[in-house]
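Here the structure is laid out as structure tokens; the discussion comes afterwards.
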């Protein structure tokens, strides 16, 4: 689908003056200084903090209003020998958060276990069906991670059973909050915690650090001990890698290289990534799908067992099981994606007037519909909701497009739903089959009234226009200091105009475009993932405007510069 290129305004006098000062003070290329300015960094100190995130820059966990109360309750439970159960979500964010709190409290003497809901049996988040099991274990205190902020009925039931719950969550709360003992969530109305974009594992980490702080244990060693788990959960949850999240990712990725967590190390080994320094791409496309696979194809408790394992042999066994489950998940993904595309092609004949897509089936595996919904958004660029029905009851996952709040849309149609949760770009829901038509009509109407036409075309934010002769090792070395890359800190996207295709383009792998371009006698190798559909329109000497990112391509002992094509526009030839 053609993208809408968003070109930044040319620099004014003030910005030029600031970037010249940054160049002089930090010995940076002008282009890099301009990119830093676009990120809102104006002084040498701000740039140094960005390039070298430090633990000292993190916020005090006691800025959460209920933190003191929560910490004192946990310490009382440890002192009194009460059983504490960590109740986590079944995705990477939830399982890493569960492992983090489990390990962190166990080592200070807590009598502790964990519970991860089964996607097919319990559904998302706190479930009434799981509460009897928790009571039977003798738990008196539950700590939820990455879920619970909207579980009104379930938390009333917990209280009625004589148990208490501390909620840690990062999802958007609805208007009525549940009557929990304490709620730690940066998105609560009026919460003074300065950073609102923590992942669930980030919120759980703040709780653990507050406990350690209260006990006088918040040493650098203890703060770093589980930072690899925090990094994996944060990066996998696709939250903005800014502020504290950037610190978690930056320091946690370094910590991951030390291979302290046996379970993560076993996953790295089995996925063939043990020969390199890991980056965010390795987490998102290598580690995260494997951890997720356990919860998608079976029980995510297996992922937690892997992450808390202290035995190398057992860790390797868990990793092998998860690797097999991931292979099954990939097969299920492909099958479901093809079926969903067939349904969409039959159901939505006029894409120009289709504001969103709501599709359902009795045959889809609940564990993969979220992934497939993301792929459908990528293909059709509309908000998509996929629902898997079983015996008249449906579980659904939805994904949205840039700047459209799908969570808010569901709030306007929630009278049709049994339950729902999530955030702006990703939602989960349950619904009875008899309400599906009314839900679809009302949601479609809301989306068509609130989704602007220009949002239907995917935006591509361009950072800078350069020439091929601007590209060199000095530029890439400086840009590598922007890592870790992710939402809120993506790799800079460059535009070069009027390049010529220097060879005969060809496809590799699954529809990936490979070609070489030239301008002013300078060549650049390009690969465009999922851009193979352009091949019939390209030939040698075609003239293009290209939008791309730059990376080092390391193959054996050879290192070269490669462009990753994000979009192209044919202008001649």
Residue that is surrounded by the fewest Cβ atoms within 10 Å (Cβ to Cβ) [pool: residues in region 261-275 that are without any contact (Cβ under 8 Å) to a residue 24 or more places away in the chain and at negative phi]: 275
The one condition in (1) farther than 27 Å from residue 232 by Cβ; (2) in contact with a strand residue (DSSP E or B) (Cβ under 7 Å, 6 or more places away or on another chain); (3) buried (at least 17 other Cβ atoms within 10 Å of the Cβ) that residue 482 fails to fulfil: (1)
Set 503, 489: member being under 28 Å from residue 280 (Cβ atoms) and either in contact with a helix residue (DSSP H, G or I) (Cβ under 6 Å, 6 or more places away or on another chain) or not assigned by TED's automatic domain parsing to the domain that holds residue 283 (or both): 489
Failed condition for residue 198, given (1) surrounded by fewer than 24 Cβ atoms within 10 Å (Cβ to Cβ); (2) at pLDDT 95 or above; (3) in a loop (DSSP other than H, G, I, E, B): (1)
Lone unmet requirement of (1) closer than 24 Å to residue 299 by Cα; (2) touching a strand residue (DSSP E or B) at 6+ places or on another chain (Cβ under 6 Å); (3) in contact (Cβ under 8 Å) with a residue 24 or more places away in the chain for residue 440: (1)
Single condition residue 421 does not satisfy, out of (1) closer than 28 Å to residue 338 by Cβ; (2) modelled with pLDDT under 90; (3) in a strand (DSSP E or B): (1)
Test result for residue 29, modelled with pLDDT under 90 and surrounded by fewer than 16 Cβ atoms within 10 Å (Cβ to Cβ): no
Conditions (1) surrounded by 16 or more Cβ atoms within 10 Å (Cβ to Cβ); (2) in contact (Cβ under 8 Å) with a residue 40 or more places away in the chain; (3) within 30 Å of residue 232 (Cα to Cα); (4) touching a strand residue (DSSP E or B) at 6+ places or on another chain (Cβ under 9 Å); number of the one not met by residue 526: (2)
Selection status of residue 293, closer than 15 Å to residue 229 by Cβ, surrounded by 23 or more Cβ atoms within 10 Å (Cβ to Cβ), at pLDDT below 95 and assigned by TED's automatic domain parsing to the domain that holds residue 113: no
Pairs, first crowded, with 23+ Cβ neighbours inside 10 Å in region 248-260, second part of a loop (DSSP other than H, G, I, E, B) and at pLDDT 90 or above, C-beta under 7 Å, six or more apart: 249/241; 249/484
Count of residues meeting criterion [crowded, with 20+ Cβ neighbours inside 10 Å and either more than 19 Å from the chain's Cα centre (by Cα) or part of a loop (DSSP other than H, G, I, E, B) (or both)] in region 397-406: 3
Output for region 375-396, where each listed residue is at pLDDT 95 or above and assigned to a loop (DSSP other than H, G, I, E, B): 383
Matching residues in region 216-244 - criterion: being in contact (Cβ under 8 Å) with a residue 60 or more places away in the chain and more than 16 Å from residue 287 (Cα to Cα): 217, 220, 223, 224, 225, 226, 239, 240, 241, 242, 244
Breaking point among (1) farther than 16 Å from residue 259 by Cα; (2) under 20 Å from the mean Cα position of the chain (by Cα), for residue 307: (1)
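The values are calculated or read from the model by the stated rules, or taken from the named source; none is laboratory data. Since this is a predicted model, take the numbers as computed values, not measurements. In this analysis, Cβ positions are derived from the backbone assuming ideal geometry, glycine residues included, and neighbour counts consider all displayed protein chains.
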